Amino acid sequence: MSSPIHQRAPVWTPSDTHAERLAAADRTAAARWKSTNRTWYPDYHLAPYAGWMNNPTGLVYFRGSYHVFYQYHPYSSTWGPMHWGHFTSEDLVHWKREKTALAPGDACDRDGCFSGSAIVHEDKMYIVYTGNFALDKEQQCVAVSSDGVNFEKLGVVVRPPPGYVHFRDPKVWQQDGRWWMVCGARDVTKDLGQLLLFTTQDLLCWDDTNWQVLGMTEDKNVFMWECPDFFTIGNHQDMKLLLFCPQGKKASKYNYRNRFQNGYTIGQWMPGMPWTVQQEFRELDRGHDFYAAQTFL
């Protein structure tokens, strides 16, 4: 998930390494924590030491621990160049705050490491995330870790197809011996939100010219679909729940009163099949600012 590009000067220089930017982020948060008034600091809910916290991203179980990553700007309490913060837990009750997992500043993600997903493959954890490098310029990138804490960036794996902007929030899964990726996008010709589907046999080698539209809005007001999650429900592999966030949907009585919505549809999909909706979009929650929910599935 993204916001307009932050206009203030970054707190790193182009010569900084990724390790140096990660260390700077953690030093800044630790220093601010020392002067924080902790009267209202959450005891149960996950929260960083300091800075801006955005949506959860990359939920995964790896080597006996649950990992929750989140969009994070350690240098300000307002939105800025997104990092990936990180918590772990063995029981989903007691949580450990880990060091920052990803920091922007490389050529592929100069202006932000946006949302994505985490997967386990061959006893390593892979993060597939959106690298933002200019206004409306986004691409999907990969980082890898052998311990679930320290990540090495491997670069860009999927670039946006022609005619699409706001190309972000990859959800990746494995099925029938192949890897699949669904991303939110905006069709610049129709100015409508869509979800794009990519596939590959090699997690690190995607063909970004071979893609299809998994789903698209029929509501002319909806200009973007973002933060998708897509997973099997029940005992039938073809029954899927698609969780996503449409932007621009108009309020109707008590429905869709948030600025942007978060909800789901249910339908059928298998490799080689089109996405067939069987239950229309429903909101997950009508509370204020409920947005960008993700699952461990």
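The values are calculated or read from the model by the stated rules, or taken from the named source; none is laboratory data. Since the model is a prediction, treat every value here as computed from it, not as a measurement. Here Cβ is always computed from backbone atoms with ideal geometry, including for glycine, and neighbour counts include all displayed protein chains.
For the stretch 224-253, the set of residues classified as out of contact with any Phe, Trp or Tyr (no Cβ under 6 Å at 6 or more places or on another chain), assigned to a strand (DSSP E or B) and of a type in the set (S, T, N, Q) consists of Thr232, Ser252, listed by residue number. Taken together, Asp207, Asp169, Asp187 contain a single residue that is crowded, with 23+ Cβ neighbours inside 10 Å and of a type in the set (D, E, K, R), which is Asp169. Within the stretch 242-253, residues that are over 10 Å from Gly193 (Cα atoms) have Cβ atoms under 6 Å from residues that are exposed (fewer than 11 other Cβ atoms within 10 Å of the Cβ) and not basic (Lys, Arg) in no pair, counting only partners at least 6 apart in sequence or on another chain. For Lys171, the criteria (1) under 24 Å from Asp219 (Cα atoms); (2) more than 13 Å from the chain's Cα centre (by Cα) hold in every case but one, which is (2).
Can you say whether Phe151 is touching a residue at least 24 places away in the same chain (Cβ under 8 Å) and closer than 23 Å to Ala29 by Cα, as far as the supplied structure shows? Yes: the conditions hold for Phe151. For the stretch 218-275, taking the residues that are within 29 Å of Cys113 (Cβ to Cβ) and hydroxyl-bearing (Ser, Thr, Tyr), the one that is nearest to the chain's Cα centre (by Cα) is identified as Tyr264.
A Cβ distance below 7 Å, combined with a sequence gap of six or more or placement on separate chains, defines the contacts here; from the stretch 206-223, residues that are outside any loop (DSSP other than H, G, I, E, B) reach residues that are surrounded by 14 or more Cβ atoms within 10 Å (Cβ to Cβ) and of a type in the set (Phe, Trp, Tyr) in the pairs Trp211/Phe198; Leu214/Trp275; Gly215/Trp275.
Screening Trp40 against (1) hydrophobic (A, V, I, L, M, F, W, C); (2) modelled with pLDDT of 95 or more; (3) surrounded by fewer than 16 Cβ atoms within 10 Å (Cβ to Cβ); (4) more than 28 Å from His121 (Cβ to Cβ) leaves a single unmet condition, (2). Among residues of the stretch 122-141 that are within 14 Å of Tyr61 (Cα to Cα), those with a beta-carbon under 6 Å from a residue that is surrounded by fewer than 24 Cβ atoms within 10 Å (Cβ to Cβ) and among the hydroxyl-bearing types (Ser, Thr, Tyr) at least six positions away or on a different chain give the pairs Lys124/Ser146; Met125/Ser145. For the stretch 60-91, filtering for residues that are polar (S, T, N, Q) and either assigned to a loop (DSSP other than H, G, I, E, B) or surrounded by 22 or more Cβ atoms within 10 Å (Cβ to Cβ) (or both) leaves 4.
Check the stretch 23-32 and report whether any residue there is within 15 Å of the chain's Cα centre (by Cα), more than 23 Å from Phe260 (Cα to Cα), acidic (Asp, Glu) and at pLDDT 95 or above. For the stretch 23-32, residues within 15 Å of the chain's Cα centre (by Cα), more than 23 Å from Phe260 (Cα to Cα), acidic (Asp, Glu) and at pLDDT 95 or above: absent.
Counted as qualifying within the stretch 92-184 are the strands (runs of 3 or more DSSP E) with 3 or more residues that are closer than 21 Å to His18 by Cα, namely 112-121, 124-134, 137-145, 152-158.
Does any residue of the stretch 100-107 turn out to be over 14 Å from the mean Cα position of the chain (by Cα) and surrounded by fewer than 21 Cβ atoms within 10 Å (Cβ to Cβ)? Yes; the residues of the stretch 100-107 include at least one that is over 14 Å from the mean Cα position of the chain (by Cα) and surrounded by fewer than 21 Cβ atoms within 10 Å (Cβ to Cβ).
Whether a residue is under 23 Å from Gly267 (Cα atoms), at pLDDT 95 or above and not hydrophobic (A, V, I, L, M, F, W, C) was assessed, and Thr199 passes this test.
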